[in-house]
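Beneath this line is the structure, given in structure tokens, with notes to follow.
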Amino acid sequence: MNRTGLRRGFPASPLPFRENGMLDARVIDKLEAIVGKDDLFTKKADLLSYGYDAAAGAGVPRTTPDLVVLPASTEEVSRIVRIACESRLPVYPRGAGTNLSGGTIPLHGGIVLSMQRMDRILEVDPENLTATVQPGVIIQDLNNAAAVHGLIYPPDPGTVATATMGGSVAECSGGLRGLKYGVTKHYVMGMEVVLANGETFRFGGKTVKNVTAYDFASLFVGSEGTLGIITEITVKLIPAPKFRRAMMAFFRRLEDAGNAVTDVIKAHVIPATLEIMDKTTIATVERYAQAGLPGDVEALLLIEVDGMAQEVVDAEAKAVADVIGRHNGALKTASSEAERDRIWAARRAALPALAQLGPTTVLEDATVPRSRLTEMLLAIQQIAQKHRLTIGTFGHAGDGNLHPTIVTDAGKAAEMERVHQAVDEIFAVALQLGGTLTGEHGIGVAKMKYLKNEIGMNGMDVMRRVKKALDPDWLLNPGKVVPPDEA
Ligand SMILES: Cc1cc2nc3c(=O)[nH]c(=O)nc-3n(C[C@H](O)[C@H](O)[C@H](O)COP(=O)(O)OP(=O)(O)OC[C@H]3O[C@@H](n4cnc5c(N)ncnc54)[C@H](O)[C@@H]3O)c2cc1C
């Protein structure tokens, strides 16, 4: 453990801001004057729930902030950040806290800025196919508003019903439809951001084309709260597909499932969704949700093709069926919306079901080029055997984005040591196969120690220079993504 109580490998560099407990009463008074008494918390009992997020238990530290503020407008965010900047206090933006990389943990105390009150959909514009929202809008609420116009906002992490637009933009969330429709970065057209000194900065907008200035949207999407506070987002919407067909394919060999994924794409079919579940996950989901999944298969694929014309969907479904047959898979097609819902309920049950197996789940996010999927799947199985661990793997196979989920017990030190070794090895294999540390869950605090393995020391240096240019005192979400110096 180092001085911030972080686990092995988490750097604790000297930082230029005040540490936990250094908030004085005058700062609290100033903040209270901005948001009012009801939207500022300082009581320990209130602060506790802001000390963790969905990565809790995965070796990510748990700490409490000095206070939590809930601003209601960009102007309030700007005034709060100005005060934090003058007082050199760290600021941690927070949406719904569903991220899986410890991104919202207030590692050094200071201020948690909960964006949940900024939850208005400002506009859905069916002529320009855009929507403009405040960051606290829940993703599903945006989709409900878009549906009135026959439109959808495609990024759909498993937490669509709870996660906020601000948090998902800051994470560049993906989800089940990434293969055909892309991920959050493909939909963000403009933003308003409050910078570390409290200044407000707007860029982009509703135009389909815009190459004015640097591509700031690309910089801020996925910046995990370390470069600015997102206070408004304009996103692209697309027409909702009119027809769809969901299928499930069962395989007795994991290799066949992995190879079928590659061959579906090679057959020039891009399904909206192409997911995988391994044997451990299938058995666990069946026990948890009684979804009617067979007990004697090594893997299953969950596939959905969609489109604007029935003939196109039929042709794509047939091409998928041919590939599945060639790889010795047994195919089941949903014959009603109710059956379709059961297929996707089984997939969405994967993580909750695995989480029932033990007190701690360590969910990883290794991502490889699709053509290396089979190698990655087999490597995860070997790593599980080698370290005598239960690892259920599921994920977005079409994107090469796997979620090996280790079921363990954080209270057992020796087992946790094996878990850390297994995670190190999973990421090492992903990088060897030309992959990446995270396809959608972000670096946060959980994957910081691996970052240089992927981007090298030059990459780390460029990251630091960008961070210092926008946040010289390292006040925004410190302890996440990139450390100020090599620890
Ligand atoms: C069961 C489960 C399933 C999941 N499935 C998926 C999935 O399929 N695909 C996927 O991509 N993710 C998935 N996730 C991860 C998570 O849901 C997403 O990352 C989510 O979009 C985060 O949104 P949030 O509002 O909870 O953000 P938070 O967790 O509150 O914050 C996430 C990050 O964004 C920063 N942040 C929050 N708001 C702002 C803001 N306004 N300005 C600047 N920074 C901000 C925070 O500091 C933090 O670094 C899953 C998580 C769970 C628990």
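The values are calculated or read from the model by the stated rules, or taken from the named source; none is laboratory data. It should be emphasised that the depicted structure is a prediction, and the values quoted were computed from it without experimental measurement. We place every Cβ from the backbone using ideal geometry, glycine too, and count neighbours over all the protein chains shown. Areas reflect the complete protein model, heavy atoms only, side chains present, ligands, DNA and RNA absent. Shrake-Rupley method; radii C 1.70, N 1.55, O 1.52, S 1.80 Å.
Overview of values
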read-out	value
Cross-chain or 6+ apart pairs with Cβ under 6 Å, segment 167-183 first and touching a residue at least 24 places away in the same chain (Cβ under 8 Å) and assigned to a loop (DSSP other than H, G, I, E, B), then within 8 Å of the ligand (Cβ to nearest atom) and among the charged types (D, E, K, R)	SER173/GLU440; GLY174/GLU440; GLY175/ASP156; LEU176/ASP156; ARG177/ASP156
From the options GLU75, GLU86, residue that is surrounded by fewer than 19 Cβ atoms within 10 Å (Cβ to Cβ), within 29 Å of the chain's Cα centre (by Cα), modelled with pLDDT of 85 or more and in a helix (DSSP H, G or I)	GLU75
Residues satisfying the stated conditions in segment 436-464, i.e. within 20 Å of SER173 (Cβ to Cβ), among the aliphatic types (A, V, I, L, M) and either open to solvent by 40 Å² or more (accessible area, probe 1.4 Å) or more than 13 Å from the ligand (Cβ to nearest atom) (or both)	LEU437, LEU451
Members of segment 329-352 found to be farther than 16 Å from MET277 by Cα and either of a type in the set (Gly, Ala, Ser) or buried (at least 16 other Cβ atoms within 10 Å of the Cβ) (or both), listed by number	THR333, ALA334, SER335, SER336, ALA338, ARG340
Number of the condition not met by HIS420 [criteria: (1) out of contact with any helix residue (DSSP H, G or I) (no Cβ under 9 Å at 6 or more places or on another chain); (2) open to solvent by less than 30 Å² (accessible area, probe 1.4 Å); (3) modelled with pLDDT of 95 or more]	(3)
Any hit, segment 158-166, residues being over 19 Å from the mean Cα position of the chain (by Cα) and within 10 Å of the ligand (Cβ to nearest atom)	no
Single residue of ILE282, ILE276, ILE270 found to be in contact with a Leu (Cβ under 9 Å, 6 or more places away or on another chain) and either among the acidic types (Asp, Glu) or farther than 29 Å from ILE406 by Cα (or both)	ILE270
Residue within segment 129-141 that is more than 9 Å from the ligand (Cβ to nearest atom), assigned to a helix (DSSP H, G or I) and open to solvent by 10 Å² or more (accessible area, probe 1.4 Å) present	yes
Segment 184-210, residues that are not in a loop (DSSP other than H, G, I, E, B) and not charged (D, E, K, R)	THR184, HIS186, VAL188, MET189, GLY190, MET191, VAL193, VAL194, THR200, PHE201, PHE203, GLY204
Residue tally, condition surrounded by fewer than 18 Cβ atoms within 10 Å (Cβ to Cβ) and modelled with pLDDT under 90, over segment 27-55	0
Candidate set: segment 334-392, residues that are acidic (Asp, Glu) and part of a loop (DSSP other than H, G, I, E, B); chosen: the one farthest from the ligand (Cβ to nearest atom)	GLU364
Any pair with Cβ under 7 angstrom, 6 or more apart, that starts in segment 139-163 at a residue that is free of Cβ contacts under 8 Å to residues at least 40 places away in the same chain and ends at one that is within 16 Å of the ligand (Cβ to nearest atom) and basic (Lys, Arg)	ASP156/ARG177
Boolean, LEU402 is more than 13 Å from the ligand (Cβ to nearest atom) and either open to solvent by less than 20 Å² (accessible area, probe 1.4 Å) or assigned to a loop (DSSP other than H, G, I, E, B) (or both)	no
Residue list for segment 353-368, restricted to those being open to solvent by less than 50 Å² (accessible area, probe 1.4 Å) and in contact (Cβ under 8 Å) with a residue 60 or more places away in the chain	ALA353, LEU354, THR360, THR361, VAL362, LEU363, GLU364, ASP365, ALA366, THR367, VAL368
Hits in segment 266-303 - residues which are farther than 20 Å from LEU377 by Cβ and open to solvent by less than 10 Å² (accessible area, probe 1.4 Å)	VAL269, ALA272
Complete set of residues in segment 112-128 that are within 12 Å of the ligand (Cβ to nearest atom) and either crowded, with 22+ Cβ neighbours inside 10 Å or outside any loop (DSSP other than H, G, I, E, B) (or both)	VAL112, LEU113, SER114, MET115, MET118
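Yes/no matrix, rows are residues, columns are (1) modelled with pLDDT of 95 or more; (2) assigned to a strand (DSSP E or B); (3) touching a Phe, Trp or Tyr at 6+ places or on another chain (Cβ under 7 Å); (4) closer than 30 Å to ASN144 by Cα:
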position	(1), (2), (3), (4)
ARG245	yes, yes, no, yes
ARG287	no, no, no, no
GLY295	no, no, no, no
LEU300	yes, yes, yes, no
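Condition check ((1) hydrophobic (A, V, I, L, M, F, W, C); (2) touching a residue at least 12 places away in the same chain (Cβ under 8 Å); (3) over 23 Å from VAL305 (Cα atoms); (4) buried (at least 20 other Cβ atoms within 10 Å of the Cβ)) across all residues:
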position	(1), (2), (3), (4)
LEU227	yes, yes, yes, yes
THR231	no, yes, yes, yes
ILE238	yes, yes, no, no
LYS242	no, yes, no, no
ARG245	no, yes, no, yes
ALA257	yes, yes, no, yes
ALA260	yes, yes, no, yes
